[in-house]
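Derivation of every value follows stated rules applied to the coordinates shown; laboratory data play no part. No experiment lies behind these values; they were computed from the predicted model shown. Cβ coordinates were reconstructed from backbone atoms using ideal geometry, including for glycine residues, and neighbour counts include every protein chain displayed.
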Amino acid sequence: MRAGRFGAVGAMMVMGITTISSTCFAGQAAKPDGGTPTQTESAAKKDDAPVWLADISKAKVPQKPAVGRIHGEPFTIERAELQGGTLSLRQGHEFFADLEFKLFLFVDSYTKLENQFLDIFDEENPPTKTVPHVYISWKPDAKSLPKTKSWTGDYLIHLKFGQMKNHRLPGEIYLCLPDMKQSFVAGTFDAIVK
């Protein structure tokens, strides 16, 4: 596991100026079947498409707009926003997104995110005491209000931000959640800063 450059800012902020050195640890998440690749991992090798993985420590983030699955439904990023320390990756143009990943990053300014990264490759031993809270939402049908599910830990993530330019903060993500539907998102985003 490589610890990221996320540290304490003020009272237990997740992402900040204080740097945690990159460190290698021996522990890694076990594969669900005890060591052989899952079907989704095998599929990723065939067509190079990102998939849900039980171990993302060596996964490469696709350098194209983020895609994935939410609650079993295919997800393609259509809009990324960063507002008040919350990163939203959305599909759908209505007030309530059709599908959405929302990460509560516990920062009060985008400047604390520029050129920062967080890697959690072992969900039982995150590199910081406070980690982003992750929400997913999906609509059971087009006319329904979204349903949501949330995590305050127990997930795997690589999250990296670049430098702000023209009110946009670029980044990359590989996030795998522990739900039964194996929700995940992987790729790049260009978040509008509000």
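Shown in residue order for segment 153-165 are the 3J(HN,Hα) couplings computed by the Karplus curve 6.51 cos²θ - 1.76 cosθ + 1.60 at θ = phi - 60°: x, 6, 10, 10, 8, 10, 9, 9, 10, x, 9, 4, 8 Hz (x for Gly and Pro). Close amide H contacts of GLY92 (hydrogens built in the peptide plane, cut-off under 5 Å, sequence separation of 5 or more or a different chain): GLU78, ASP98. Between the amide H of LEU156 and those of CYS176, distances stay under 5 Å, these residues lying 5 or more places away or on another chain, with hydrogens modeled in the peptide plane.
With the charge dipole of segment 39-193 set up from +1 on Lys and Arg Cβ and -1 on Asp and Glu Cβ about the Cα centre, the Cα lying farthest toward the positive end among the listed residues VAL67, LEU169, ALA54 is that of LEU169. Dipole magnitude for segment 39-193: about 240 debye, using +1 per Lys or Arg Cβ and -1 per Asp or Glu Cβ, origin at the Cα centre. Let me know the shape class of segment 39-193, please: from the alpha-carbon gyration tensor, a ≥ b ≥ c as square roots of the eigenvalues, rounded when a/c is under 1.5, otherwise prolate if a/b is greater than b/c, or oblate. Rounded. Extension gain, ALA49 to ASP108, is 17.8 nm, computed as 0.36 nm per intervening residue step minus the present C-alpha separation. Amide H to amide H distances under 5 Å link GLY162 with ASN115, GLY171, where only residues 5 or more positions off or on other chains count and H is placed in the peptide plane. Here's the list of lysines a cross-link from LYS112 could span, going by alpha-carbon distance under 22 Å and ignoring same-chain residues fewer than 8 apart: LYS102, LYS129, LYS160, LYS165, LYS194.
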